[in-house]
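Undergrad: To start, I am sharing the structure in question, which I have written as structure tokens.
The values are calculated or read from the model by the stated rules, or taken from the named source; none is laboratory data. Predicted, not measured: the structure shown is a model, and the values here were computed from it. Because the Cβ atoms are built from the backbone with ideal geometry, glycine has one as well, and the counts that use them run over all protein chains shown. Just so you know, the surface numbers come from the protein's heavy atoms only, side chains and all, with ligands and any DNA or RNA stripped out. Shrake-Rupley method; radii C 1.70, N 1.55, O 1.52, S 1.80 Å.
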Amino acid sequence: QVTFVESGGGLVQPGGSLRLSCAASGIDFSRETMGWYRQSPGLGGDWIAFIVDDSSAYYVDSVKGRFTISRDNAANTVYLQMNSLKPEDTAVYYCKAVLWEDYWGQGTQVTVSS
């Protein structure tokens, strides 16, 4: 059974930081390209960061320089360190395995507001 369990979201002021975690199971984690996807009300959803099995990372322009994706293959966990948060980063954040795109976790809500 493929599962993803996200955690670490919350309410933070603009300029603040959060670290999201995602524990994956049911996949050969170390071989999978993992990513973070966010969904904003009224704005739809987008992939924002990927990390390949060799730990090469890729980011969309809107988060580049502020967010860092990383992984711990021994723990089957992927992380997203988010710094310099902006109100437009408010969204539900999901981790996903690119080749298992039909599988979703419950997501974790990130709200950036003063």
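Undergrad: Out of the total accessible area of the chain (probe 1.4 Å, heavy atoms of protein only), what percent is carbon and sulfur?
TA: Taking all protein chains in place, the chain shows 47 percent carbon and sulfur surface.
Undergrad: While we're on this one: If you count only protein heavy atoms with a 1.4 Å probe, what accessible area per residue comes out for the chain, rounded to a whole Å²?
TA: 51
Undergrad: A further question on this structure: For Glu32, Glu101, give me the order by solvent-accessible area with a 1.4 Å probe, most accessible first, ignoring ligands, DNA and RNA.
TA: I get Glu101, Glu32, largest accessible area first.
Undergrad: Mind checking the dipole of the chain: about its Cα centre, +1 per Lys or Arg Cβ, -1 per Asp or Glu Cβ, Debye to the nearest 20?
TA: Result for the chain is approximately 340 debye, rounded to the nearest 20.
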